[in-house]
Amino acid sequence: MTLIDDAPRNGRTVPSFPLSDRGIPHPVAVATADFKAAMLTADKLIVSGRTTEDEVQVRVSAACDALSEQVRTHLRADEPGVEVIGAFVHGEAYPYLSLSALVDRSYTKPRGYAGDFLTLQMVYDDQPQGVRRLGPYVDRWFLGIPASCAVKNRRGLLRDIIVDTARARPGAPTAIMSLACGPAREIFDVFGEPDPPDVVATCLDIDDQALAYAGAIARSLDVTERVSFVQANVVKLALGHNTLGLADQDLVYSIGLIDYLSDGLVVRLLDWIHGVLRPGGTAVVGNFDVGNPDRAFMDHLLDWRLIHRSPADLEGLFAQSAFGDTPVEVRREATGINLFAAALRAA
């Protein structure tokens, strides 16, 4: 018995694999069992005291990598039975993976949504945390996967965009707005520059705790006169259900938001952004690329499901919006996983 027949699909041939007794592709069943055995061995080595932290990390990372590779191979979104297979892997592997503080928060979503401000801050801090003996080792692995690295990289890329925008407008404060701002670390990175540019920032978020967290950072840096915080539902703003008296922005950006929005909502959001930009102002939106190698892991092990898009997809969304035929520049951070699409409002 095989999972699927060798038949052309979307111009490619999908390989078939023997099924285990539980109806799971044999390589997945084996990889899951091997993962559990490797984690148990690593735990026993820690207890024995006959190993180093580096040796344990190598074992844990290798086990997690092998499992992630099988998940990537066998849990493609368009394959039959993918949810059943994903549920099996989650049930078997999650008790070990959840020892990681970041994995556990990503899956349990204590703020009610994925990628909340503290989840992002944990990625930015890049300091492994976890429970019991294996937790910090799993956390270190998870902090190093491509998707986590992409999140860390986008912070620096956004900082550069803010600085470049401000340097291009000498002699006047540069008004910037971050939508679904989270911890807003890229903004505070700008204020932490030795010679910070003249920037006035507005941070919007629906989460009052995110705004309180970012506000505490602003107070610690003594920049409260340069940053304002507004609790608002960006989707309702885009749909016209709420209004804000904010206009003439030089830069409006969003990272980690449109990955959760349908194409129609993204277009409405771009229309709204266009309306609050000054002529010549810049809109930047970030989105995970369709080539994200950790997509299946995020989908099935973390229940962290994003709408992945290509550069052409983002260009098409801008074209459908008030930006019309304005040229769109799409950049990538160092891993190539996070896309940043930018366009100017016509002068």
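Quick notes on this structure:
- Output for the stretch 191-201, where each listed residue is touching a residue at least 12 places away in the same chain (Cβ under 8 Å) and not in a helix (DSSP H, G or I): Gly192, Glu193, Pro197, Asp198, Val199, Val200, Ala201
- Some residue of the stretch 241-263 being in contact with an Asp or Glu (Cβ under 9 Å, 6 or more places away or on another chain) and farther than 24 Å from Leu120 by Cα: yes
- The residue of the stretch 159-187 that is farthest from Trp304 (Cα to Cα), among those that are among the hydrophobic types (A, V, I, L, M, F, W, C) and surrounded by fewer than 19 Cβ atoms within 10 Å (Cβ to Cβ), is Ala172.
- Hits in the stretch 214-232 - residues which are buried (at least 17 other Cβ atoms within 10 Å of the Cβ) and assigned to a loop (DSSP other than H, G, I, E, B): Val223, Arg226, Ala232
- Residues that are polar (S, T, N, Q) and under 11 Å from Thr326 (Cβ atoms), drawn from the stretch 273-289: Thr282
- Applying a threshold of 7 Å to beta carbon distances and a minimum spacing of six or more residues, or different chains, the list of pairs starting in the stretch 135-158 at a residue that is of a type outside the set (Lys, Arg) and buried (at least 20 other Cβ atoms within 10 Å of the Cβ) and ending at one that is in a loop (DSSP other than H, G, I, E, B) and at pLDDT below 95 reads Leu158/Ile255.
- Where Val285 falls short, out of the listed (1) touching a strand residue (DSSP E or B) at 6+ places or on another chain (Cβ under 7 Å); (2) crowded, with 20+ Cβ neighbours inside 10 Å; (3) farther than 28 Å from Phe142 by Cα: (3)
- Condition met for Gly91 (out of contact with any Phe, Trp or Tyr (no Cβ under 6 Å at 6 or more places or on another chain) and touching a residue at least 60 places away in the same chain (Cβ under 8 Å)): no
- Wholly within the stretch 233-347, helices (runs of 4 or more DSSP H) carrying at least 1 residues that are at pLDDT 95 or above and closer than 17 Å to Ala150 by Cα: 295-301, 311-320
- Some residue of the stretch 125-132 being outside the structural domain of Tyr107 (by TED's automatic domain parsing) and in contact with a Gly (Cβ under 9 Å, 6 or more places away or on another chain): no
- Residue in the stretch 85-98 that is within 18 Å of the chain's Cα centre (by Cα) and either at pLDDT 95 or above or more than 18 Å from Pro146 (Cβ to Cβ) (or both) present: no
- Those residues of the stretch 189-206 which are crowded, with 20+ Cβ neighbours inside 10 Å and among the hydrophobic types (A, V, I, L, M, F, W, C), in sequence order: Val190, Val199, Ala201, Cys203, Leu204
- Any hit, the stretch 162-172, residues being farther than 24 Å from Arg331 by Cα, in the same structural domain as Gly280 (by TED's automatic domain parsing) and aliphatic (A, V, I, L, M): yes
- Qualifying positions in the stretch 132-190 - more than 30 Å from Gln249 (Cα to Cα) and assigned to a loop (DSSP other than H, G, I, E, B): Arg132, Arg133, Leu134, Gly144, Ile145
- Among the candidates Ala312, Ala322, residue that is under 18 Å from Leu251 (Cα atoms), surrounded by fewer than 20 Cβ atoms within 10 Å (Cβ to Cβ) and hydrophobic (A, V, I, L, M, F, W, C): Ala322
- Failed item, numbered, when Leu204 is tested on (1) out of contact with any strand residue (DSSP E or B) (no Cβ under 9 Å at 6 or more places or on another chain); (2) part of a strand (DSSP E or B): (1)
- Within the stretch 308-327, residues that are aliphatic (A, V, I, L, M) sit with their Cβ atoms under 7 Å from residues that are loosely packed, with under 15 Cβ neighbours inside 10 Å, at 6+ positions apart or across chains, in these pairs: Leu317/Asp263; Ala319/Asp325.
The values are calculated or read from the model by the stated rules, or taken from the named source; none is laboratory data. Computed from a predicted model, the values in this text were never measured in an experiment. Here Cβ is always computed from backbone atoms with ideal geometry, including for glycine, and neighbour counts include all displayed protein chains.
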